Amino acid sequence: MHDNGSDLRTITLHNGVAMPSLAFGCAFGDWVGRTAFQGFLPEQAWRAISLALDNGYRAFDGARVYGTERILGTLLGQRFASGELSREELFITTKLAHPAAPPHINISHRRTWDADKVEDIAQKVRDDMVDTLDDLGLGYVDLLLMHWPGSFSENTTGDPDFPRKARATIWRTFCELADKGAARAIGVSNFTIGHLRQLMEDVPESERRPTVNQVEIHPYCRDPQLETFCREQGIVVTAYAPFASGAFDLLRNPTLTAIAERHGKTTGQVVLRWHVQSGRTALPKTSKAARMAENRDIFDFALSDEEIQATDSLGTGEARRTCPDPSLVA
Ligand SMILES: NC(=O)c1ccc[n+]([C@@H]2O[C@H](COP(=O)([O-])OP(=O)(O)OC[C@H]3O[C@@H](n4cnc5c(N)ncnc54)[C@H](OP(=O)(O)O)[C@@H]3O)[C@@H](O)[C@H]2O)c1
């Protein structure tokens, strides 16, 4: 829940950890149809993350697979060195266990979901966590998420229950990492209600229910049932690709434009305000300094119930996704 009496800037996870409502997205890549350079955009990542720190962002959403954790770690280190920042001011998220997907991550032989033995998976996760903390130059992350519930390709292990068993194994490994102090909170990403139910059934002894489910949500892609289920279970929903990654001309939608004009705000600000007022946290990403400031400036106005409903209603048709549909993952 958003903290009582707060201005929606933080949300408290069920284990008591306070999570900022907005974190800067650190996925800098052009991964659609690019093979020659594996899709990475290092110049953009260095510049944008540096500018985001200058602009006051203290929460960052990363992932092992983004290849930007060393960049973030180096930029944080420079600010630790100058005395400008301390670890406690930051909220750092990482995600482990991404499936192989074309083209940028197919070169690694260590991807979690490439394993065909459940027992190999726990060790891959532990190794990846050590590498992530090394790259970040940190002793712990604030939030560790299971990036995807399984592989994008067909299960060829011969065991139809492999993805489910693997998820439970990864989750137990996450619990172990949290117990050792490597993560203050653990959660999942791209999980459907079915994936969540199975996980909670398979690891019932654990008091560590997922704290967060990070999924694709923007005005053209919503799953009210999933959000209701998560709310009932005390799981905070984080919206990734909160602007649909810049696709579908979302930020020029006339309904959003009209709301924005009424409040003297931009459509980007209206979308972010809609996310946090709906009880979600969100991960806006931009390469431009002016937009970084704009995207944080959403706490001085409020949308009416009608405006929330009008924005909700943009997503009642078939979801327009920028990432694969998690319900296709076994
Ligand atoms: N868990 C997962 O599987 C998963 C998947 C995808 C993403 N994510 C996370 O979510 C983060 C954000 O998603 P995303 O990077 O795909 O895209 P996004 O934040 O939805 O959209 C980024 C696009 O919006 C534009 N933009 C940003 N602010 C704007 C504003 N105020 N007005 C107009 N345009 C604006 C940016 O252009 P400019 O750069 O030109 O401003 C860029 O083209 C990622 O970085 C990552 O951390 C997680």
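The values are calculated or read from the model by the stated rules, or taken from the named source; none is laboratory data. Because the structure is a prediction, the values reported are computed rather than measured. Neighbour counts are summed over all protein chains in view; Cβ atoms, including those assigned to glycine, are modelled from backbone coordinates with ideal geometry.
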Inset, instruction - Give the residues of region 224-245 that are within 15 Å of the ligand (Cβ to nearest atom) and over 21 Å from Lys285 (Cβ atoms), sorted by residue number. - result: Leu226, Cys230, Ile235
Inset, instruction - Residue by residue through region 207-245, note down the ones that are on the phi > 0 side of the Ramachandran plot and either out of contact with any strand residue (DSSP E or B) (no Cβ under 8 Å at 6 or more places or on another chain) or in a helix (DSSP H, G or I) (or both). - result: Gly234, Ala244, Ser245
Inset, instruction - For Val215, indicate whether it is surrounded by fewer than 15 Cβ atoms within 10 Å (Cβ to Cβ), hydrophobic (A, V, I, L, M, F, W, C) and at pLDDT 95 or above. - result: no
Inset, instruction - Of the numbered conditions (1) assigned to a helix (DSSP H, G or I); (2) over 21 Å from Leu143 (Cβ atoms); (3) more than 14 Å from the ligand (Cβ to nearest atom), Pro204 fails exactly one; give the number of that condition. - result: (1)
Inset, instruction - Report, ordered by the first and then the second residue, all pairs with beta carbons closer than 6 Å, sequence separation of six or more or different chains, a first member in region 178-193 that is under 18 Å from Glu232 (Cα atoms), and a second member that is of a type in the set (D, E, K, R) and in a strand (DSSP E or B). - result: Ser189/Lys95
Legend entry - Residues satisfying the stated conditions in region 270-315, i.e. within 11 Å of the ligand (Cβ to nearest atom), touching a Ser or Thr at 6+ places or on another chain (Cβ under 8 Å) and without any contact (Cβ under 8 Å) to a residue 40 or more places away in the chain: Glu294
Inset, instruction - Identify the single condition in (1) at pLDDT 95 or above; (2) surrounded by fewer than 23 Cβ atoms within 10 Å (Cβ to Cβ) that Leu8 does not satisfy, given that it satisfies every other one. - result: (1)
Inset, instruction - Could you grab me the full set of residues in region 47-67 that are under 20 Å from Val212 (Cβ atoms) and either part of a helix (DSSP H, G or I) or out of contact with any Phe, Trp or Tyr (no Cβ under 6 Å at 6 or more places or on another chain) (or both)? - result: Arg58, Asp61, Gly62, Ala63, Arg64, Val65, Tyr66
Inset, instruction - Take Phe152 and decide whether it is surrounded by 24 or more Cβ atoms within 10 Å (Cβ to Cβ), touching a residue at least 40 places away in the same chain (Cβ under 8 Å) and touching a Leu at 6+ places or on another chain (Cβ under 9 Å). - result: no
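How many of the residues in region 68-77 are part of a loop (DSSP other than H, G, I, E, B) and more than 16 Å from Thr94 (Cβ to Cβ)?
0
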Inset, instruction - Report yes if Glu261 is out of contact with any His (no Cβ under 8 Å at 6 or more places or on another chain), away from the ligand (no atom under 11 Å from the Cβ) and at pLDDT 95 or above, otherwise no. - result: yes
